[in-house]
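A.B. asks: One structure coming up, written as structure tokens, with questions to follow.
The values are calculated or read from the model by the stated rules, or taken from the named source; none is laboratory data. Since the model is a prediction, treat every value here as computed from it, not as a measurement. Cβ: placed from backbone, ideal geometry, glycine included. Neighbour counts: every protein chain shown. Ligands, DNA and RNA are stripped out before the accessible areas are found, and what is left, the full protein with its side chains, is counted by its heavy atoms. Shrake-Rupley method; radii C 1.70, N 1.55, O 1.52, S 1.80 Å.
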Amino acid sequence: GDSVTQMEGPVTLSEEAFLTINCTYTATGYPSLFWYVQYPGEGLQLLLKATKADDKGSNKGFEATYRKETTSFHLEKGSVQVSDSAVYFCALSGEGFKTIFGAGTRLFVKA
Amino acid sequence: SQTIHQWPATLVQPVGSPLSLECTVEGTSNPNLYWYRQAAGRGLQLLFYSVGIGQISSEVPQNLSASRPQDRQFILSSKKLLLSDSGFYLCAWSVKLNRGTEAFFGQGTRLTVV
């Protein structure tokens with residue numbers, strides 16, 4: 001079945017450091033891909049999405065490119081802030097009604 | 001615009017007591033609805049989803065049940081809570097994309113069974 005694998009955390013960075021969180025997927029067909037963010041005690045918010053190969057999703061300085069050839073959707077940000085500390089989930093949705101989530105990666109950003 | 005409401009935000013219940021969590025969606029009709037559970041420090045587990053009134057699909061056998069009495073209302077229940085039912089429960093609804101669906105989440109309910 002479809003699955004999402006993302007790098008284990010926690011990831012600890014200093015403010016203004018470069019962030020990469022790796023995400024790879026297995027799916028039949030060509031799913032839509034997502035990154036969600038969860039701040040402490042809250043639900044998940046959509047951070048960005050890409051619905052076809054080579055699309056780049058971007059929001060709040062975060063970017064991810066849908067790479068069909070490597071089945072990847074890595075999340076990047078050039079300069080992280082303390083306020084970016086959260087848990088980040090990579091996800092895919094293909095045929096049907098379900099969204100498949102990765103295990104989540106916790107990010108800590110130190111001032 | 002569409003909004004999703006989930007309550008209560010936090011709940012502490014004794015083992016063996018019943019449970020009822022409610023979720024409602026506004027601004028859309030006939031949404032797909034979902035209940036997820038997130039154990040401490042872990043990922044999301046899909047518990048139930050519904051594509052219409054009275055239509056419930058269960059993903060994992062467990063001590064919980066779900067009902068959809070109205071188009072935009074989704075309820076998660078248990079007759080007798082277990083300690084292992086503790087966790088963060090999230091309701092979600094989704095919109096259809098060209099491929100797959102995009103999910104929108106409520107703020108969650110933190111359930112502690114004591």
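A.B. asks: Scan the stretch B:81-89 and tell me whether some residue there is open to solvent by 70 Å² or more (accessible area, probe 1.4 Å), farther than 15 Å from B:C23 by Cα and within 13 Å of chain A (Cβ to nearest Cβ).
C.D. replies: No, the conditions are met nowhere in the stretch B:81-89.
A.B. asks: Which pairs have Cβ atoms under 9 Å, sit 6 or more apart or on different chains, and link a residue in the stretch B:51-75 that is within 14 Å of chain A (Cβ to nearest Cβ) and without any contact (Cβ under 8 Å) to a residue 12 or more places away in the chain to one that is surrounded by 13 or more Cβ atoms within 10 Å (Cβ to Cβ) and not in a strand (DSSP E or B)?
C.D. replies: Taking only residues 6 or more apart or on different chains, the pairs are B:S57/A:F97; B:S58/B:L64.
A.B. asks: Can you report the number of residues in the stretch A:28-82 which are in a loop (DSSP other than H, G, I, E, B) and either open to solvent by less than 60 Å² (accessible area, probe 1.4 Å) or not β-branched (V, I, T) (or both)?
C.D. replies: Residues flagged as in a loop (DSSP other than H, G, I, E, B) and either open to solvent by less than 60 Å² (accessible area, probe 1.4 Å) or not β-branched (V, I, T) (or both) within the stretch A:28-82 amount to 25.
A.B. asks: Also, I was wondering about something else. Does the stretch B:45-60 include one or more residues that are crowded, with 19+ Cβ neighbours inside 10 Å and farther than 19 Å from A:G96 by Cβ?
C.D. replies: no
A.B. asks: Which residue out of B:A39, B:A9 is within 13 Å of another protein chain (Cβ to nearest Cβ), open to solvent by 10 Å² or more (accessible area, probe 1.4 Å) and over 23 Å from A:I100 (Cβ atoms)?
C.D. replies: B:A9
A.B. asks: Now for a different question. Which residues, counting only those in the stretch A:6-18, are in contact with a Gly (Cβ under 8 Å, 6 or more places away or on another chain) and open to solvent by less than 60 Å² (accessible area, probe 1.4 Å)?
C.D. replies: A:Q6, A:G9
A.B. asks: Same structure again: Is it the case that some residue within the stretch A:78-91 is out of contact with any strand residue (DSSP E or B) (no Cβ under 9 Å at 6 or more places or on another chain) and either without any contact (Cβ under 8 Å) to a residue 60 or more places away in the chain or within 10 Å of another protein chain (Cβ to nearest Cβ) (or both)?
C.D. replies: no
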